[in-house]
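K.L.:
This is the structure I want to talk about, given as structure tokens.
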Amino acid sequence: MADLKDEISPDLADRLASELSAAWPGFPTDRYTSDIGAALAPLALMARVDLLADRLTDALPDDFAIAAEVLRATLDSPGFTGWMTLPCGTYVARAGIDHPDIALPLLAGLTPRWSSEGPIRPFIEHHPDLTYRYLHRWVTDPDEHVRRLVSEGTRPRLPWAARLRGLIADPSPNIELLDQLVDDPSP
């Protein structure tokens, strides 16, 4: 049985590059995938995700608004799903932290493909008021995955993501959100 870290593989990097180049013909596929097998080999799962996110930083346009449009266009492809979107969410959390009005809707778009519950956490910490305005809108979103982003992304203690220390100290901002989600019709 393969290690979980092997989900983030050279093949996945190639498929992600293919999806991105279909959305943006200027995507530097060769540069993105160069020596990817050797670079990934010694790394654990989340370090592999970070490596692919770092390479996205180098490959996508420097202007986050333009880079976000590339990722948004990639959402049109049904093949852009699963593990390959995890580094994209990480990239959005890093590159988009100073552009929350662009980044947060993009995370909502990514979350049906792979949860954005980790990448939303820096926005909760750095832009709490704005992020909670989005969360309050998303609590009634027609997409159950976006509603799940509200509940999971605001959990103070996730085992695979940074802790939200402010919410550990005072979880009251989440009470109203959870009250609206407690009887959600989706499993």
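K.L.:
Please find, within region 127-172, the residue that is farthest from ASP184 (Cα to Cα) out of those that are β-branched (Val, Ile, Thr) and part of a helix (DSSP H, G or I).
P.N.:
ILE168
K.L.:
For residues that are in a helix (DSSP H, G or I) and crowded, with 23+ Cβ neighbours inside 10 Å, tally how many sit in region 72-84.
P.N.:
Total satisfying the criteria: 2.
K.L.:
Can you pull out every residue in region 173-184 that is touching a residue at least 12 places away in the same chain (Cβ under 8 Å) and part of a loop (DSSP other than H, G, I, E, B)?
P.N.:
Of everything in region 173-184, just one residue is touching a residue at least 12 places away in the same chain (Cβ under 8 Å) and part of a loop (DSSP other than H, G, I, E, B), namely ASP184.
K.L.:
Is it the case that region 102-116 has a residue that's within 13 Å of CYS88 (Cβ to Cβ) and open to solvent by 70 Å² or more (accessible area, probe 1.4 Å)?
P.N.:
Yes: region 102-116 contains one or more residues that are within 13 Å of CYS88 (Cβ to Cβ) and open to solvent by 70 Å² or more (accessible area, probe 1.4 Å).
K.L.:
Here's another thing I want to ask about it. How about region 1-54: which helices (runs of 4 or more DSSP H) wholly inside it have at least 3 residues that are open to solvent by 50 Å² or more (accessible area, probe 1.4 Å)?
P.N.:
On the way: elements: 10-23, 29-33, 36-40.
Helices (runs of 4 or more DSSP H) meeting the threshold: 10-23.
K.L.:
Continuing with this model, one more query. Given the criterion touching a His at 6+ places or on another chain (Cβ under 7 Å) and in contact (Cβ under 8 Å) with a residue 24 or more places away in the chain, identify the matching residue among PRO122, PRO112.
P.N.:
Only one candidate passes the filter, namely PRO112.
K.L.:
Do any residues in region 1-29 that are free of Cβ contacts under 8 Å to residues at least 12 places away in the same chain have Cβ atoms under 6 Å from those of residues that are open to solvent by less than 80 Å² (accessible area, probe 1.4 Å), where the two are at least six apart or on different chains, and which pairs are they?
P.N.:
Note: pairs meeting the criteria are SER21/PHE27; SER21/THR29.
The values are calculated or read from the model by the stated rules, or taken from the named source; none is laboratory data. Model, not experiment: these values are computed from the prediction. Quick reminder, even Gly has a Cβ in these numbers, built from the backbone with ideal geometry, and neighbours come from all protein chains shown. Areas reflect the complete protein model, heavy atoms only, side chains present, ligands, DNA and RNA absent. Shrake-Rupley method; radii C 1.70, N 1.55, O 1.52, S 1.80 Å.
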